[in-house]
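First the structure, in the form of structure tokens, and then the observations on it.
We did not get these values from a lab; they are worked out from the coordinates using the rules stated. Remember, it's a predicted structure, so these values are computed and weren't measured experimentally. Every residue, glycine among them, receives a Cβ derived from its backbone with ideal geometry; neighbour counts consider all protein chains shown.
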Amino acid sequence: MPVIQTVFPRDPVARALTFSTMAFAASTGVFYTVSVLYFTRVIGLSAGTVGLGLGIAGGAGVVGSFLAGRWSDRLGAHRVQVWGLVVQAVALAAYSFTADAVSFTLVAVAASAGRGVQGTARQALLARWFTGPERVEVRARLRVVTNVLIGLGTLAAAVALLLDTATAYRTAMVATAVLLLGAVVPLLRLPRRVPELAARMLEDAPASAGPGDDGGAEGAPHPLRDRTYVASVVLNAVMAMQFGVMTVGVPLWVATTDAPTAVVSALLVVNTVLVALLQVRASRGTHDVRAAGRAVRRGGVLLAAACVLYAAAGHGSLAAATALLVLAAAAHSLGEVLSEAGGWGMAFELADPRRAGAYQGLSQTGYALAAMAAPVVVTALPVRFGTPGWLALGAVFAVAGAAAAEVARRAAGARAGAEAVRAGS
């Protein structure tokens, strides 16, 4: 039953998001596998040029994530998500026609902006359509689907790696665009399947902004003026840098240990399996703000423990290093599912529902900034300084998790006090 509910949820909106996420994640898996080789071997760009272009594109993703929140409040999150996916799909297809650094960078900017827009719009759709525990649970199930389908997309892309020809890489890149267009189809059919969707998406949405108006719904603060929410976004963005540890830091670190480099694949498998098995369970109860904060704190402790284990792996023999890396990956994965579940709960429950899109836009902007900062932080700390760097990074995760829990505790207390005052009056 849990598998059926994850793949074929009863709610029509959850089902459409699930099918769309499947296509999106498969496209992502193919892209991650072949893109760098396509950019360097087929287009002929240098690694430095690719890194610079993708860095610039990351900035466009941050801007797209933020602006999409406002657009979602005004136009409807489902519409904004469709347009974000279309822009990203067209950009991925355009990679087949790029021939130099300038055209590559322009296409990368469009692709990253589209990805940021659709990501925020999806969060806004979840925030407006679902409530309470169901909202976080649906988000957790989408995360499971994402991880599994990225893995399947990676396996499918292995065909291009085996053929290792320009035609194979181009075909794989076109496939990423086709899959993304497939992600649009379930969302296009939503308004017909769920007639009340459009009304729900614009419920309590702000009216058109006039001169000097920030576009906020009456009585609703702009998310940037909500200090509690901003603090939550900053702290959970720090926690989100753990994704860079797994994708950038661990592969580079393994190469410096006595463990075989092939263990990197095993660590990614451990991560994928544990997230798929535990993410939904970890999300239960995190619709309560206090519980969400506690989940982030526990996640921070586990991530800190993982950093200690990663560091220890650098001082062991082949067998010891391999065992320590596997234990570190397990602790890392547990920390990931807890910190993510708690972060979603805080992002949803601390937001003002009258400006759901704008609040989720700020939350997604935090994740986008974390994605940009993570490679820099990871290479500047553990990869460069070894054990002291790992220990410093672990301390960062532990402190950020504890601070997030304190923010959640105070927010819950303030909310309870306000409710008591209203009840008394």
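Divide by every residue of the chain the summed helix terms, -39500 (n - 2.57) for each DSSP H run of at least 4, and state the resulting mean residue ellipticity at 222 nm, rounded to the nearest 500 deg cm²/dmol.
-27000 deg cm²/dmol
Counting only whole DSSP H helices of the chain, the ones at least 27 Å long by C-alpha along their axis and with mean Kyte-Doolittle hydropathy no lower than 1.6 are 166-188, 263-283.
Taking all Cα-Cα distances within region 279-356, those exceeding 19 Å account for 45%.
Residues 66, 130, ranked from the fewest to the most other C-beta atoms within 10 Å, line up as 130, 66. Simple point charges give the picture: +1 on the Cβ of Lys and Arg, -1 on the Cβ of Asp and Glu, and for the chain a dipole about the Cα centre of about 620 debye.
Quick check: Cα centre of region 108-122 to Cα centre of region 157-177, how many Å? A separation of 23 Å, based on Cα centres. Applying D = kT/(6 pi eta Rh) to region 1-202, where Rh is the Kirkwood radius over alpha-carbon pairs, T corresponds to 10 °C and eta to 1.306 mPa s, the Stokes-Einstein value obtained is 92 µm²/s. Diagonalising the gyration tensor over the Cα atoms of region 222-417 and scaling each eigenvalue by 5 before taking the square root yields semi-axes of 32, 16, 14 Å, largest first. Counting only Cβ charges, +1 for Lys and Arg and -1 for Asp and Glu, the dipole size of region 1-202 around its Cα centre is about 620 debye. Take 174-180, 272-278, 94-100 and order them by the average number of nearby Cβ atoms within 10 Å per residue, most first; the result is 174-180, 272-278, 94-100. In units of the rule-of-thumb radius 2.2 N^0.38 Å, region 1-117 shows an alpha carbon radius of gyration of 1.21.
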